[in-house]
Every structure is written in C-alpha cells, then in structure tokens.
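For reference, the structure is listed below as structure tokens.
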Amino acid sequence: MTDLPRPPSLTLSGKTALVTGASSGIGQGCAVALADAGAHVVCAARGADRLADTVAAMQAKGWSAEALQLDQNDLPALQEIMEAGNFDIVVNSAGLARHGPATETTPEDFDAVVSVNLRSAYFLSSYAAKSMVKAGKPGSIIHISSQMGHVGGVDRAVYCATKHGLEGMVKSMAVEWGKQSIRINTICPTFIRTPLTQSTFDNPERAAWIMDKIKLDRVGEVEDIMGAVQYLASDASAMVTGTALMIDGGWTAD
C-alpha cells in the first residue's frame with residue numbers, strides 16, 4: 001500500500017509564546033489564536049487595565065495566559081524579558097501610526113513611529129533569536145507588518161517607511177538565522193476594523209478609497225489574522241521564513 005504524506009500539525013501544545021500589543025485589536029487576536037492552539041501565551045502591552053481584562057477573559061475560556069506590562073521601547077527591559085522567557089514563539093503586534101502629509105511631518109512624529117515600528121521590532125527580534133540560539137531550539141518570530149510595507153499610501157510616508165524597512169529587516173534576519181532553525185516572517189494585513197482604525201472608516205473619502213482597493217469588497221476583521229498567526233507559529237510552516245504573508249483582500253495584487 002502506498003505510504004501517504006502526513007499532514008503537519010497546527011497544534012502549539014507545550015509551546016510558550018510572547019505576544020506584544022496583546023491588550024486589544026490584532027495583538028489580542030494573535031494571543032487568542034495561539035492560546036486556542038494550545039500555547040501558553042504571555043500577553044504584553046503598556047496598559048495594565050486592558051491587558052488584565054484580556055488575560056482574565058482568556059483564562060475564563062480555559063486557555064493558559066498571563067499578563068506582562070511592557071513598554072517595548074524600553075530595550076533593557078525587553079532584553080531581560082527575552083533572556084528569561086525561554087519563548088518558542090514571539091509575535092510583535094505593537095505599532096504606532098501618525099498619519100499626515102509628508103511635508104508636515106515633524107521630527108518628533110518621525111522618531112516616535114520609527115522607534116516603535118522599526119527600532120523596537122529590530123531589537124525584539126535580535127534578543128529573541130539570541131535567546132533561542134542559546135536554548136538550542138528552533139523558534140518562530142512573527143511581525144505584524146502591513147500591506148503598506150509593499151505599496152505607498154496617502155499621508156502614510158513615515159508609516160510606509162517603517163513597514164518597508166521592517167520587510168527588509170526580516171528578509172536579512174531570515175538569511176542570517178536559518179541555519180539555527182529560527183524562522184522569521186511578517187503578516188501584512190489590509191485595513192482591519194479595530195477601535196484604532198475606526199476613525200479612518202468614519203471618513204467617507206478614506207472609506208471609499210479603501211473599498212476601491214480591496215478586491216474582496218470588504219474590510220478586514222481581526223479574525224482574518226488569527227489563522228495566519230497559527231500557521232506561521234506552527235510546524236505547518238516549517239519551510240517558511242523571510243516571507244510576507246499578505247492578508248490584504250487583493251490590495252497589492254495589481
């Protein structure tokens with residue numbers, strides 16, 4: 001009888017994951033997705049109250065989760081957490097956007113967005129990979145990037161700069177860490193309906209622009225991200241690194 005290939009597992013049982021920006025929106029969805037697949041999830045964010053609510057709700061579902069108050073820009077604290085955490089999976093969902101015309105960007109806005117979206121992402125990756133190498137085990141690092149890491153957008157020059165930079169960073173790190181079985185990838189969503197994006201959807205002109213670009217004729221929901229993070233965290237994606245997984249409804253297809 002023919003030997004059939006064995007389908008890979010999406011289970012994350014026995015794995016420990018860190019998710020930053022986990023108190024709401026996409027980060028919260030990522031934390032839930034990993035916990036539902038069996039991982040113990042350390043949920044990190046700056047705001048203690050919303051973070052505690054998220055973890056309590058996850059624990060009420062029977063999932064294994066704990067809260068970690070963290071400012072990702074605090075690099076010494078970030079390094080200490082990564083060295084002590086023994087994480088198999090690291091998901092970076094922390095991000096900042098200060099949209100406006102490029103001619104009106106202030107140095108303060110530029111520095112703030114770069115600090116969160118690129119600088120902290122770089123060192124989070126570096127600290128995570130170093131810890132994984134020291135532990136002698138494979139790992140998966142996942143960044144929530146954006147379709148704007150592959151195209152341009154009105155009033156989004158600084159944001160696009162950081163996301164394009166993130167995409168290049170991930171490709172280089174994938175080349176560097178592949179032989180240590182450390183995978184690093186990005187998830188690139190289109191506009192996802194969250195409290196932070198609601199003001200954009202409330203603007204009729206911007207909403208029309210978004211709907212014109214999304215070929216599937218609807219905006220994204222947090223649930224659209226959850227399967228992707230499970231996939232990239234699991235052995236189902238064991239041969240995937242240095243890759244951008246587009247969840248953009250076809251925005252970048254043309």
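Computed from the coordinates by the stated procedures, all read-outs in this text should not be read as laboratory data. These numbers come from a predicted model, not from an experiment. For neighbour counting, all protein chains shown are included, and Cβ atoms are generated from backbone atoms with ideal geometry for every residue, glycine included.
What angle do you read, to the nearest 10 degrees and between 0 and 90, between the alpha-carbon axis of helix 223-233 and the longest principal axis of the chain? For 223-233 against the chain, the angle is about 40 degrees. Dividing the mean sequence gap of close Cα pairs (under 8 Å, 6+ apart) by how many residues the chain holds gives a relative contact order of 20 percent.
Would any residue of region 91-125 have its amide N under 19 Å from a label point 7 Å out along Cα→Cβ of ALA77? List them or say none. From region 91-125, the list is 91-96, 112-125.
Would you mind ranking LEU245, LEU166 so that the residue whose beta carbon has the fewest other beta carbons within 10 Å leads the list? Intermediate values should be presented prior to the final figure.
Details: LEU245 19, LEU166 25.
Placing the least packed residue first, the sequence is LEU245, LEU166.
Only Lys, Arg, Asp and Glu carry charge here, each on its Cβ (+1 for the first two, -1 for the last two); on that basis the chain has a dipole of about 640 debye about its Cα centre.
Taking other Cβ within 10 Å of each residue's Cβ, how do THR11, THR252, THR103, THR241 sort, fewest first?
Final ranking by Cβ density, sparse to dense: THR103, THR11, THR252, THR241.
Would you please state which residues of region 145-162 a label at SER199 would reach in this model, taking the label point 7 Å out along Cα→Cβ and a backbone N cut-off of under 20 Å? Correct set: 148, 153-162. Farthest towards the positive end of the charge dipole of region 121-228, among the residues GLN180, GLN198, VAL154, is the Cα of GLN180, using unit charges on the Cβ of Lys, Arg, Asp and Glu. By the helix-only formula, in which each DSSP H run with n ≥ 4 contributes -39500 (n - 2.57) and the sum is divided by residues, the chain has a 222 nm mean residue ellipticity of -13000 deg cm²/dmol. Here's how it looks for ILE182: its modeled amide H is under 5 Å from those of GLY139, which are all 5 or more places away or on a different chain.
Here Kirkwood radius over Cα pairs in Å was computed from the coordinates, and among [x] 18.6; [y] 19.3; [z] 17.7 the match is [x].
Where does each of VAL170, VAL151 land when they are ranked from fewest to most other beta-carbon atoms within 10 angstrom?
Numbers: VAL170 25, VAL151 16.
Going from least to most buried by this count: VAL151, VAL170.
GLU66 to LYS130: FRET efficiency via 1/(1 + (r/R0)^6), r the Cβ-Cβ distance, R0 35 Å, to the nearest 0.05? Don't jump to the answer; show the numbers that get you there.
Values: r = 23 Å, r/R0 = 0.65.
FRET efficiency, GLU66 to LYS130: 0.95.
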